[in-house]
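Here's the structure, in structure tokens; my notes come after.
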Amino acid sequence: MKHTALHAGIPVILLLTFACLTRFAIAQPPQKPHPTGPWMNTSLSPDERADLVVKEMTVDEKVALLHGVGMPTDDPVTPENAPSNRGVGYAVGVPRLGIPGIDMSDAAYGVRSSGVNGRYSTALPANVAAASSWDPDAAYEYGALIGRELRAQGFNMTLGGGANLTRDPRNGRTFEYLGEDPVLAGTLVARLIQGTQSQNVIGDLKHYALNDQESGRNAVDITISKRAARESDLLAFEIGVEKGQPGAVMCSYNRVNGDFACENKWLLTDVLKKTWKFPGFVVSDWGGTHSDVKASAAGLDNEQPGRFFYEKKFKDALDAGKIPQSELDDHVHRILRSMFADGVIDHPRQRSVIDPFAGFETARKIEESGIVLLKNEKAALPLSAAKLKTIAVIGSHSDVGMISGGGSAQVDPIGGNAIKPAGQGATHWMEEIWFPTSPLKAIQARAPHATVKYDAGTDPVAAAAAAKGADVAIVFAYRWASEGMDLKDLTLPHNQDAIISAVAEANPHTIVVLETGNPVTMPWVDKPAAILEAWFAGSDGANAVGNVLFGTVNPSGKLVNTFPRSEADLPHPTLKMPPPASSGFDGAATPEKWAAGLPPFPVAYDEGVKVGYKWYDAENKKPLFPFGFGLSYTTYRYSGLQVTPGEKVKVMFTVANTGPREGTEIAEVYASLPAAAQEPPKRLVAFTRVKLNPGEKKSVTVEIEPKYLSIFDEQKDDWSLLPGEYGIMVGGSSDNLTLKGSVNLK
């Protein structure tokens, strides 16, 4: 989703003063008597309550619930959007019946544009960082924190919940998503949605579907077989819908097999609403609606942020009989049902002053569990503060802050962009924004007796000179990414590869900390002693990185995306870019322009189900770092594999901590299918986190969902579990599966 206006932050001292003065002084408007009606009976089901409301609504009230009223953040205050919280989308409610408006905010890794109202929010680590913890419970807490802060700021619907798979690691929104595997991504996004909706906020699952590149996203036409789609990207959404029960699903900008996703009957009705029995509503991505009659029949329930098609055009089509009344009522029912099911009617939102620092601990703990230790030669990490006299900290503005991901996910930093002069730290669309969390200060705090020097890392010679002679050199390197763009390649920008090489040659005790949302190539990988992937680390990222560097925290994160050696190893070595005519609409786009859409350009997903590690396995390509990989400060041993058939295949094994430190191992279970399935060599089918003290061992049991062992049969239009022998592999990463067994299924 794209939104072009971001707002300046407020200096921290002003924010805190505001909070203190207004905590007891905010005037609340007089409360009107709450409307009563049989639909307010909480003993009835959400469907029953929605049906009762639909019967009381006029046609105008129904149609008004199907669209937005502009972009409240940008637009002048009008009677329609005045009750909104000035977010990015608002659908008016029906006050006479007690139905509030739906107030929407972007909230991928925190509530966006909070600075405009002085209610700053926590920036959690980017979604890819949280996913790297492989922790469903952490995903729930992630969603719950966002839900609490949305409600505190006056919103009752999130626009987070990204589950698109990493088909191409150059996608500018890779940091917003949960990796390349559908079982992992689907499981985690389901828990995130559950956490958000526990706070009486409507959850969202996006971008449905196959919106796996940003380049020409409004025009690209993805061609893919139904089987490949259902076994890859759509499987992540299927798990998210079935287990997360989101109130809303956001359809994407792109076309799929010829039709725009937001008017694609196969996606919205045949699969989502009929096969998956999704009871909630489909909301368009912002400006992703292209018609009234076709979109309505296909299953689009709500147009955002405006009303090109779902107001006057919709009513005219309704009057002409082109849209049946039953179709209108179904749209309205679905929206109301989600409002009842997620508690936004029974628990009205009420704005409050929040502590913008309260979520820092949650953000830090999630970041600590998502940091991935990629290399650690001769136990270079953890650092011992007592043994260090001199430390060189180099690069990436690490004296003042850490980078964040851009676009509609962008969270306003408290006090503004950390690399801008005081008072000038405004956040702008498509601009690098740095959170004021200083790695330099975090390192100084953990090594108080050492001399810690900083070099900006802009010149290889100067950086090498700063590193030479230091007990340890820590290089921070970054690659910014954002919605609305894809990366041209996977290399580090600003000559950072040369900086790292120069520092590592000058000092054998060099540690590299990567701040990225995407995999990156590493021509220098053999030179430093240790490499940490810290991702976009959130509001308290520096303390999380400091705790891992100095061993307060034992790293347990594992990669959710394969790191390739070069772009040549990708399924599509050259990212297909749109022709100029398909680059974007101008600012005066008319409904007619939107209806026609930009000239399509085709992208064939001819790799099919071979996404991520499945591609590398099938093509015998050795990656730089494989899916599921991550080191620890301790060691683990797997033993005793037992595989038992049944309604769900049961896999039992033992994990032992054979090292000197407490740690958490992520145990990964993969399966190979019978040859008749014609599938890649293996697929992830289960995973679990195992916390172990030194010398401790635990028996682990996981059950495999039958669907995760199945193929999608296009002839049956359903999942099919083939008879035959299934290999079962267990271990610590996709390329280190020390336990192997099999099971015959009939």
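The values are calculated or read from the model by the stated rules, or taken from the named source; none is laboratory data. These numbers come from a predicted model, not from an experiment. Note: ideal-geometry Cβ built from the backbone for every residue, glycine included; neighbour counts use all protein chains shown.
Here is how the numbers come out for the structure above:
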| read-out | value |
| --- | --- |
| K707 being farther than 25 Å from T635 by Cα and under 26 Å from the mean Cα position of the chain (by Cα) | yes |
| Candidates W615, W594 - the one that is out of contact with any strand residue (DSSP E or B) (no Cβ under 8 Å at 6 or more places or on another chain), surrounded by 21 or more Cβ atoms within 10 Å (Cβ to Cβ) and touching a residue at least 12 places away in the same chain (Cβ under 8 Å) | W615 |
| Failed item in (1) surrounded by fewer than 18 Cβ atoms within 10 Å (Cβ to Cβ); (2) under 33 Å from the mean Cα position of the chain (by Cα); (3) without any contact (Cβ under 8 Å) to a residue 60 or more places away in the chain, with P100 passing the rest | (3) |
| Condition met for A447 (of a type in the set (A, V, I, L, M), at negative phi and crowded, with 19+ Cβ neighbours inside 10 Å) | yes |
| Any chance A123 is touching a helix residue (DSSP H, G or I) at 6+ places or on another chain (Cβ under 6 Å) and not assigned by TED's automatic domain parsing to the domain that holds G732 | no |
| Enumeration of residues in the range 578-634 that are in contact with a Phe, Trp or Tyr (Cβ under 7 Å, 6 or more places away or on another chain), of a type in the set (G, A, S) and closer than 30 Å to V690 by Cα | G612 |
| Number of positions in the range 616-649 that are among the charged types (D, E, K, R), within 30 Å of the chain's Cα centre (by Cα) and either assigned to a helix (DSSP H, G or I) or in the same structural domain as L737 (by TED's automatic domain parsing) (or both) | 2 |
| Filter result (β-branched (V, I, T), more than 17 Å from L514 (Cα to Cα) and surrounded by 20 or more Cβ atoms within 10 Å (Cβ to Cβ)) within the range 372-391 | I391 |
| Filtered residue count, the range 105-146, keeping only those that are in contact with a strand residue (DSSP E or B) (Cβ under 9 Å, 6 or more places away or on another chain), of a type outside the set (F, W, Y), part of a loop (DSSP other than H, G, I, E, B) and within 26 Å of P519 (Cβ to Cβ) | 8 |
| Members of the range 590-620 that are out of contact with any Asp or Glu (no Cβ under 9 Å at 6 or more places or on another chain) and at positive phi | G597, N620 |
| Test: residue in the range 352-361 that is in contact with a helix residue (DSSP H, G or I) (Cβ under 8 Å, 6 or more places away or on another chain) and surrounded by fewer than 17 Cβ atoms within 10 Å (Cβ to Cβ) | yes |
| Within the range 293-311, tally of residues that are touching a strand residue (DSSP E or B) at 6+ places or on another chain (Cβ under 6 Å) and in a helix (DSSP H, G or I) | 0 |
| All strands (runs of 3 or more DSSP E) inside the range 186-292 with 2 or more residues being in contact (Cβ under 8 Å) with a residue 24 or more places away in the chain and hydrophobic (A, V, I, L, M, F, W, C) | 220-223, 248-251, 281-284 |
| Hits in the range 441-454 - residues which are under 18 Å from A418 (Cβ atoms) and either out of contact with any Ser or Thr (no Cβ under 8 Å at 6 or more places or on another chain) or outside the structural domain of N543 (by TED's automatic domain parsing) (or both) | K441, A442, I443, Q444, A445 |
| So G551, is it small (G, A, S), in a loop (DSSP other than H, G, I, E, B) and within 17 Å of the chain's Cα centre (by Cα) | no |
| Any hit, the range 350-360, residues being more than 30 Å from A297 (Cα to Cα), in contact (Cβ under 8 Å) with a residue 12 or more places away in the chain and assigned to a helix (DSSP H, G or I) | yes |
| Meets criteria (of a type in the set (A, V, I, L, M) and closer than 30 Å to F625 by Cβ) for M402 | yes |
| Yes/no for E149 being surrounded by fewer than 24 Cβ atoms within 10 Å (Cβ to Cβ), part of a helix (DSSP H, G or I) and in contact (Cβ under 8 Å) with a residue 60 or more places away in the chain | no |
| So S252, is it among the polar types (S, T, N, Q) and closer than 12 Å to N218 by Cβ | yes |
| Failed condition for P95, given (1) in contact (Cβ under 8 Å) with a residue 60 or more places away in the chain; (2) crowded, with 24+ Cβ neighbours inside 10 Å | (2) |
| Options A442, A418, A498, A463: the member that is part of a helix (DSSP H, G or I), touching a Pro at 6+ places or on another chain (Cβ under 6 Å) and not charged (D, E, K, R) | A498 |
| Considering residues of the range 64-82 that are at pLDDT below 85 and surrounded by 16 or more Cβ atoms within 10 Å (Cβ to Cβ) only, the residue farthest from L318 (Cα to Cα) | T73 |
